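Inspection log for the structure reproduced underneath, given as structure tokens.
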Amino acid sequence: MATSDDSLLYTIALTLVPDIGSVLAQNLIAYCGSAEEVFKASKKKLLSIPLIGEERANSILESDVMKLAEEEMKFISDYNIKALIYTDPDYPRRLRECTDMPIVLYHKGNADLNTDKIVSIVGTRNITEYGKEMTKKFVEGLGDQNILVISGLAYGVDVASHHAALDNKMKTVGVLAHGLKMIYPPQHKTIAKQMVDNGGLLTEYTSQHKMAPGNFPARNRIVAGMCDAVVVIESAAKGGALITANIANSYNKEVFAIPGRIGDKYSAGCNFLVRTFKANLTENTGQFLEAMHWQDGNKPKKKRAQLSLHLSPQEQKIYQLLSDHTELEIDKIVSLSEMTGGEIAATMLEMEMSGVLVSLPGKRYKLVNL
């Protein structure tokens, strides 16, 4: 069912009210019944809604945002931009599962935001030659899998991943930290135009919103929420890529990191993610596709019965535990298996290297075919 113009108008207006973020906006709509009813609600009703309070209630009642919302409606019509409310069928279903999803998204392009396989690729703005080569090879390996590549159109790994996707005739979407009236950085206007014809640009910000430093962490949650998996290719010990990886973990997304040499500044973040079990190590696209069960379509291979016949007694015990519980923390595996920590470590390392199980964030493990 298509969103009516009135519903879109009032929902856009709600995003323009000061101090009303996406979570509060969802609460307001849930309590009032629609975005339009939020603006028609009495102060008493608004004050009865959790976390609104006097200041926010006054902000809703006194704000003059309808004119701005009308201007935005004209902008999206004039420039063939698709506005998606979070209740729309076409709204990205993966992002809808995130509690802090934007209530409106603006998409210019032709990508299917609900396609079967989506990967977000992130990393440092200060990409090295190693990072460029790894980005190129990684995306190249995805070329025949009908995968949508998402990144943030920033300098470094972001734009390298967009270029690699276009070079391999793949759809790619850039998530922006500003409205669609501008492109930042301006040096990326040419590739942004190419992406509109081969994927698109996506943002939660109206055309009136300009780039601001505080927008980037918010942008990162969309990059993390839109996909099935986040891949970090290069990152320093601190930076936006690590923020995106942490957000992805909080959304229960798969996170992967390409390792680098010890001591390399822009490999420190990737190595940290792997060392702290916040990301799965992947050395190449083949390992990534196998971990995601994407090498032969979407469905994992049915190998459980055959696999179990070739395991040692120790491996069989761990295999059975993970079969029964789907996922287990390492401490629980030690407790249930009645094996020593040393035996567990050696056995599970062998099983992981053999592709029988995979490590997850939070020191958890699961079988590759679960």
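All of MET226, MET195 fail the test of being out of contact with any Gly (no Cβ under 8 Å at 6 or more places or on another chain), of a type outside the set (Lys, Arg) and modelled with pLDDT of 95 or more, apart from MET226. Out of SER77, SER63, one residue alone is more than 18 Å from the chain's Cα centre (by Cα) and modelled with pLDDT under 95. It is SER63. The residues of the stretch 75-115 that are in a strand (DSSP E or B), touching a helix residue (DSSP H, G or I) at 6+ places or on another chain (Cβ under 9 Å), within 19 Å of MET195 (Cβ to Cβ) and not aromatic (Phe, Trp, Tyr), listed by number, are LYS82, ALA83, LEU105, LYS108, GLY109. Of all the criteria given as (1) surrounded by fewer than 16 Cβ atoms within 10 Å (Cβ to Cβ); (2) farther than 19 Å from ILE127 by Cβ, the one not satisfied by LEU281 is (1).
Taking each residue of the stretch 160-189 that is polar (S, T, N, Q) and looking for partners that are assigned to a loop (DSSP other than H, G, I, E, B) with beta-carbon atoms closer than 6 Å, six or more apart or interchain, yields ASN168/GLY143. Scanning the stretch 25-62 for residues being among the aliphatic types (A, V, I, L, M) and surrounded by fewer than 18 Cβ atoms within 10 Å (Cβ to Cβ) gives a total of 4. On the basis of being in contact (Cβ under 8 Å) with a residue 12 or more places away in the chain, in the same structural domain as ALA248 (by TED's automatic domain parsing) and within 17 Å of GLY269 (Cβ to Cβ), does THR115 make the cut? In short, no. Of the candidates SER59, SER120, the single residue that is polar (S, T, N, Q), in contact with a Pro (Cβ under 9 Å, 6 or more places away or on another chain) and not in a loop (DSSP other than H, G, I, E, B) is SER59.
Residue count for the stretch 325-345, restricted to those that are surrounded by fewer than 13 Cβ atoms within 10 Å (Cβ to Cβ) and either on the phi < 0 side of the Ramachandran plot or among the polar types (S, T, N, Q) (or both): 6. Which numbered condition trips up ILE49, out of (1) more than 29 Å from LYS181 (Cβ to Cβ); (2) in a helix (DSSP H, G or I)? Result: ILE49 fails condition (2) only.
Residue-by-condition table, conditions (1) among the aliphatic types (A, V, I, L, M); (2) surrounded by fewer than 19 Cβ atoms within 10 Å (Cβ to Cβ); (3) modelled with pLDDT of 95 or more:
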{"residue": "MET73", "(1), (2), (3)": "yes, yes, yes"}
{"residue": "ARG93", "(1), (2), (3)": "no, yes, yes"}
{"residue": "PRO102", "(1), (2), (3)": "no, no, yes"}
{"residue": "HIS107", "(1), (2), (3)": "no, no, yes"}
{"residue": "ASN110", "(1), (2), (3)": "no, yes, yes"}
{"residue": "GLY131", "(1), (2), (3)": "no, no, yes"}
{"residue": "LYS136", "(1), (2), (3)": "no, yes, yes"}
{"residue": "VAL139", "(1), (2), (3)": "yes, no, yes"}
{"residue": "GLN145", "(1), (2), (3)": "no, yes, no"}
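For the condition modelled with pLDDT under 90, assigned to a helix (DSSP H, G or I) and of a type in the set (S, T, N, Q), what is the one hit in GLN287, GLN316?
Working: GLN287 fails: modelled with pLDDT under 90.
From the options GLN287, GLN316, the qualifying one is GLN316.
Restricting attention to the stretch 256-268, the residues that are crowded, with 22+ Cβ neighbours inside 10 Å and either at pLDDT below 95 or of a type in the set (S, T, N, Q) (or both) total 2. Going through VAL157, VAL196 one at a time, which residue ends up being over 30 Å from GLU71 (Cα atoms), in contact (Cβ under 8 Å) with a residue 12 or more places away in the chain and in the same structural domain as LYS117 (by TED's automatic domain parsing)? Exactly one residue qualifies, and that residue is VAL157.
Can you find a residue that is assigned to a helix (DSSP H, G or I), out of contact with any helix residue (DSSP H, G or I) (no Cβ under 7 Å at 6 or more places or on another chain) and in contact (Cβ under 8 Å) with a residue 40 or more places away in the chain anywhere in the stretch 11-25? Scanning the stretch 11-25 turns up at least one residue that is assigned to a helix (DSSP H, G or I), out of contact with any helix residue (DSSP H, G or I) (no Cβ under 7 Å at 6 or more places or on another chain) and in contact (Cβ under 8 Å) with a residue 40 or more places away in the chain.
The values are calculated or read from the model by the stated rules, or taken from the named source; none is laboratory data. Remember, it's a predicted structure, so these values are computed and weren't measured experimentally. Cβ: placed from backbone, ideal geometry, glycine included. Neighbour counts: every protein chain shown.
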